[in-house]
Amino acid sequence: MRESELIAEICKHNAELAACGGAEVLVPPGDDMALVKLAGRRVLVAADQVIAGRHFALGTAMDLVARKALARNISDIAAMAGVPACAVATVALPASMPDHEVRALSDGLRAAALMFQCPVVGGDIGTHAAADGALVVSVSVLAEPGPTGRVVTRSGARVGDLLCVTGTLGDGWHPNGSGRHLSFTPRVAEALALVEALGDRLHAMIDISDGLARDAGHLAIASDVAVRIDAVQLPCADGAGWQAAVSTGEDYELAFACSGEPPASVAGTPVTVVGRFQESGGARVAVRVGTEEHDVSALGWEHGQ
Ligand SMILES: [Mg+2]
């Protein structure tokens, strides 16, 4: 089953959450994080994992694996315009993993926690019964809304809004497993600066983990609109063409919908207008290249494939 199909199945039961008791669910499954109300305070919560051979190549240094495991969760916090609070981590170790690698993983998590100001406050360590079981690092994060109290979801993009991105696109993941996905800095400061600069003109936001085509599609679907990207506007990373810029996963930049022009940069990171939201009907996500229009709704990185 594809990741997107499973998530759609899970979201069918969102209405049941209100009847479960416990926390009041303000943003249910289907966004970058859930938003719940606990003891009168709104708290963001999410979990994400990295699996050897899927999210990092075998042979990747353990400090980079640990950094990515935490950083991709922090990127989801940025997508909601939240501020990291703390994390817990679980690790499934291959039985054959040497002690020095286990230590490097642990040290790497601690270093990443310091770097991203998100302490790892607990978790669990297990070992596969099989010697060749894949290393899995799963992290859950808690976060709070930023100083303005604003939480930005995927829904809210309107017809006529601009689609904008931070940074550059297309070099997140190289076929040999290298790329920015191992070293990116989540755009937490940029997201908070966007909320500050745009206020109510910021309508929806997501982080680009599956490629711009797929993630702009997530904004469009959640907002019941369509979106057209202009290839010539894309801030392509060195060596990347428009196809890579819209389909390479793991850029971990922000994509957002706003009315009116965005600032040229936020927190030192460039912002680029790459498209416009329009009436739904026809392709959900299209890229205009010269006089041609390509339907790219199905492009992008599906982690569950
Ligand atoms: Mg995300």
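Tally up the residues in the stretch 38-49 that are open to solvent by less than 50 Å² (accessible area, probe 1.4 Å) and within 14 Å of the ligand (Cβ to nearest atom), please.
Result for the stretch 38-49: 3.
The set of residues from the stretch 37-84 being under 20 Å from the mean Cα position of the chain (by Cα) and hydroxyl-bearing (Ser, Thr, Tyr) comprises just one member, SER75. Determine if the stretch 192-200 includes at least one residue that is open to solvent by 10 Å² or more (accessible area, probe 1.4 Å), part of a helix (DSSP H, G or I) and under 29 Å from MET62 (Cβ atoms). No, there is no match, as no residue in the stretch 192-200 is open to solvent by 10 Å² or more (accessible area, probe 1.4 Å), part of a helix (DSSP H, G or I) and under 29 Å from MET62 (Cβ atoms).
The listed residues are LEU26, LEU35, and the only one of them that is within 15 Å of the ligand (Cβ to nearest atom) and not in a helix (DSSP H, G or I) turns out to be LEU35. Being within 16 Å of the ligand (Cβ to nearest atom) and crowded, with 16+ Cβ neighbours inside 10 Å is a description that applies to GLY82. A residue that is surrounded by 17 or more Cβ atoms within 10 Å (Cβ to Cβ) and within 14 Å of the ligand (Cβ to nearest atom) cannot be found anywhere in the stretch 97-112. ASP238 meets each of the listed conditions (1) more than 20 Å from the chain's Cα centre (by Cα); (2) of a type outside the set (A, V, I, L, M, F, W, C); (3) modelled with pLDDT of 95 or more; (4) open to solvent by 50 Å² or more (accessible area, probe 1.4 Å) apart from (3). When residues in the stretch 275-298 are screened for being modelled with pLDDT of 90 or more, not in a strand (DSSP E or B) and not hydrophobic (A, V, I, L, M, F, W, C), 4 of them pass. Taking the stretch 7-23 as the range and being among the small types (Gly, Ala, Ser), open to solvent by less than 80 Å² (accessible area, probe 1.4 Å) and not in a loop (DSSP other than H, G, I, E, B) as the test, only ALA8 passes.
The values are calculated or read from the model by the stated rules, or taken from the named source; none is laboratory data. Computed from a prediction, not measured in an experiment: that's the story for all the values here. Virtual Cβ from ideal backbone geometry, glycine too; neighbours counted across all protein chains shown. The area values use the complete protein model at the heavy-atom level, side chains included, leaving out ligands, DNA and RNA. Shrake-Rupley method; radii C 1.70, N 1.55, O 1.52, S 1.80 Å.
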